[in-house]
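The values are calculated or read from the model by the stated rules, or taken from the named source; none is laboratory data. Predicted model only: the values in this text are computed from it and were never measured. All Cβ positions, glycine included, derive from the backbone under ideal geometry; neighbour counts span all protein chains shown. Note: areas computed on protein heavy atoms with side chains; ligands, DNA, RNA excluded. Shrake-Rupley method; radii C 1.70, N 1.55, O 1.52, S 1.80 Å.
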Amino acid sequence: SAGGRSHVTDGTSALAAATLAGAFDRGADGEILLTREGGHHRRRIAHAGGDATGAEISRALVEAVRNDPGVELIEHALVLDLLTDADGHAAGLTLHVMGEGQRDGVGAVRARAVVLATGGMGQVFSATTNPAVSTGDGVALALRAGAAVTDLEFVQFHPTVLWLGPEAEGQQPLVSEAVRGEGAHLVDAHGTRFMLGQHELAELAPRDIVAKAITRRMQEQGAEHMYLDGRHFGAEMWQQRFPTIFASCRAHGIDPVTEPIPVAPAAHYASGGIRTDRHGRTSVPGLYACGEVACTGVHGANRLASNSLLEGLVFAERIAADLADRHRRGALPERAVDVAAARAARPVPLPAPESRAEIQRLMSRGAGVLRSAATMAGTAAGLALLTEQAHAHVAEEKPADPRVETWEAANLLLVATALVAAAAQREETRGCHWREDFPERDDAHWRRHLITTLTASGGPVSTPEEQ
Ligand SMILES: Cc1cc2nc3c(=O)[nH]c(=O)nc-3n(C[C@H](O)[C@H](O)[C@H](O)COP(=O)(O)OP(=O)(O)OC[C@H]3O[C@@H](n4cnc5c(N)ncnc54)[C@H](O)[C@@H]3O)c2cc1C
């Protein structure tokens with residue numbers, strides 16, 4: 001992700017081309033080097049700067065945007081809600097500008113179309129690989145705007161995140177699957193390789209299999225983490241092939257050359273999101289979604305490692321083509337309606353910013369890697385209480401101060417509530433949604449999506465799609 005929040009108001013051309021022009025690692029013969037990750041039978045993943053691929057892609061993208069005179073950037077601005085015209089067509093956005101840029105305060109942007117690219121929602125859980133800004137803002141905005149959201153229950157947990165201690169919260173460093181792809185082993189505290197015999201790919205089994213195996217082993221042994229052993233790589237390979245991970249381990253007092261790395265699963269990728277068609281269009285005319293915020297359907301119930309950046313590239317291109325076809329010309333909408341304000345009989349409940357940690361704890365405790373009706377009921381009750389409290393503060397005219405942290409907490413609360421409702425409703429195990437009380441896949445009832453929308457009172461409701 002790029003550093004601060006930013007909103008691109010116009011122009012998407014050449015971004016994909018610029019990204020592809022990024023400096024991927026190449027071999028002596030000039031060919032792009034490829035590696036493997038979970039579920040891959042062959043090397044298919046390009047990388048840059050060893051293990052700094054995301055940074056390089058962001059660099060190329062940011063450079064392309066800055067060099068494009070057709071793009072106006074408003075940085076350090078938090079997108080709040082959708083504006084529509086009288087026909088319900090997307091007409092712009094409300095923004096909370098954080099005071100670090102040139103324009104200060106809360107304002108609005110008018111537009112002939114809106115593309116949401118706000119990323120994931122990993123911050124609904126205590127332990128996540130996602131940055132602090134991945135608070136599900138786009139999905140919450142879409143729900144408030146009346147758009148359909150789907151597949152929220154399919155959260156991919158990355159099996160190997162650096163374990164930083166029992167109290168660690170928020171973004172945690174990823175120990176990339178490529179480390180296992182290059183031959184590191186998962187072991188328990190006794191040094192036993194517990195993935196052998198569990199899957200033909202052992203440590204490189206798909207992420208859900210490895211995350212579940214680690215979680216189960218942790219539960220069986222009463223351990224807080226397992227270990228990833230890459231001591232046999234030696235110092236040179238660690239430094240050259242995995243410089244970022246190596247530095248991150250060292251910064252936390254672990255030397256992967258001489259000791260196994262403590263690892264545990266953490267929320268990594270939201271396969272669900274705002275429902276789109278193959279052109280990135282959502283159910284609200286003129287509103288598009290791209291990247292992790294979207295659910296295009298290409299990841300099914302369980303994203304294959306490294307397909308998300310590819311999805312972003314493909315759908316960005318398609319959205320750009322659709323925008324050029326349908327929205328290139330025409331006047332900006334004269335009048336715009338704040339959909340969330342117009343829809344809600346009462347204002348959006350703003351929980352106290354401190355509830356962020358409570359939301360995360362509730363979600364990790366009851367709706368994480370292994371879920372059941374009982375664990376999720378506790379989580380749902382806790383979230384409902386936070387929502388009630390936020391409503392009560394509004395009714396008592398003591399709402400939380402509307403600032404970035406409050407908006408983010410409100411978005412986290414809404415998205416977490418919607419996620420748990422969908423996960424509780426899907427009484428089967430499929431892809432990365434694992435129900436301890438329904439361990440089988442049930443195609444007869446559940447080979448379909450759950451579509452989530454908001455009711456008139458502002459609560460999420462999930463409806464199984466017609467077959
Ligand atoms: C550690 C890690 C490693 C990964 N490795 C890989 C990999 O190797 N291959 C792969 O394919 N995928 C990988 N992924 C997944 C992939 O990086 C993400 O799915 C992808 O970056 C999402 O891109 P995006 O453009 O949708 O969102 P992001 O890159 O998250 O960008 C979203 C942007 O929107 C901004 N934003 C959010 N909310 C608001 C708001 N309300 N107002 C204004 N701006 C807002 C954010 O600040 C951010 O700049 C990895 C993810 C992580 C966390």
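Observations
- Debye, to nearest 20: dipole size of the stretch 343-464, +1 on Lys, Arg Cβ, -1 on Asp, Glu Cβ: 280 debye
- Among beta bridges identified by DSSP and lying wholly in the chain, the antiparallel ones come to about 85 percent.
- Calculated FRET efficiency for the pair Ala357/Val461, C-beta based, R₀ 30 Å, to 0.05: 0.65
- FRET E, pair Arg43, His445, Förster distance 60 Å, beta-carbon r, rounded to 0.05: 0.95
- Approximating the spin labels as points 7 Å out from Cα along Cα→Cβ, the Met237-to-Ala373 distance works out to 4.9 nm.
- Of the DSSP H helices in the chain, those that are both long (alpha-carbon extent of 27 Å or more along the helix axis) and hydrophobic (Kyte-Doolittle mean at least 1.0) are 404-425.
- The stretch 44-97 - percent relative contact order, Cα under 8 Å, separation 6 or more: 23 percent
- Put a dot 7 Å past the Cα of Glu388, heading toward its Cβ, do the same for Thr258, and the two dots end up 5.5 nm apart.
- The value of relative contact order for the stretch 343-464, using C-alpha pairs under 8 Å at least six residues apart, is 30 percent.
- Furthest towards positive pole of dipole, Pro353, Gly431, Ala421, structure part the stretch 343-464, Cβ charges: Gly431
- Bins of 20 Å, starting at 0 and running to the largest distance - Cα pair percent for the chain: 24, 57, 19, 0
- Computed FRET value (nearest 0.05) for Ala381 with Ala324, which takes r as the C-beta separation and R₀ as 51 Å: 0.60
- Per residue, the solvent-accessible area of the chain (1.4 Å probe, heavy atoms of protein chains only, all protein chains present) comes to 45 Å².
- Given charges at beta-carbon only (K, R positive; D, E negative), |dipole| of the chain in Debye: 600 debye
- Cα-Cα pairs of the stretch 343-464 separated by more than 25 Å (percent): 28 percent
- Cα centre as origin, Lys/Arg/Asp/Glu Cβ charges: the stretch 156-268 dipole, Debye: 140 debye
- Accessible area of the chain belonging to carbon and sulfur atoms, whole % at 1.4 Å probe: 52 percent
- Percentage relative contact order, the stretch 239-392, counting C-alpha pairs under 8 Å, at least six apart: 14 percent
- What the phi angles of the stretch 26-40 give under the Karplus curve with 6.51, -1.76 and 1.60, with θ = phi - 60°, is a coupling list of 10, x, 4, 7, x, 6, 5, 6, 10, 10, 10, 9, x, x, 8 Hz, glycine and proline written as x.
- Calculated [θ] (222 nm, deg cm²/dmol) that DSSP helices of n ≥ 4 give over the chain, each run adding -39,500 (n - 2.57): -10000 deg cm²/dmol
- Rough spin-label spacing in nm, given labels placed 7 Å along Cα→Cβ, for Glu397 and Ile32: 6.1 nm
- Rg in Å to one decimal, and Dmax rounded to a whole Å, for the stretch 68-219 via C-alpha atoms: 21.1, 66
- Look at the dipole of the chain built from charges on Cβ: of Leu186, Ala28, Tyr227, the Cα furthest out on the positive end belongs to Ala28.
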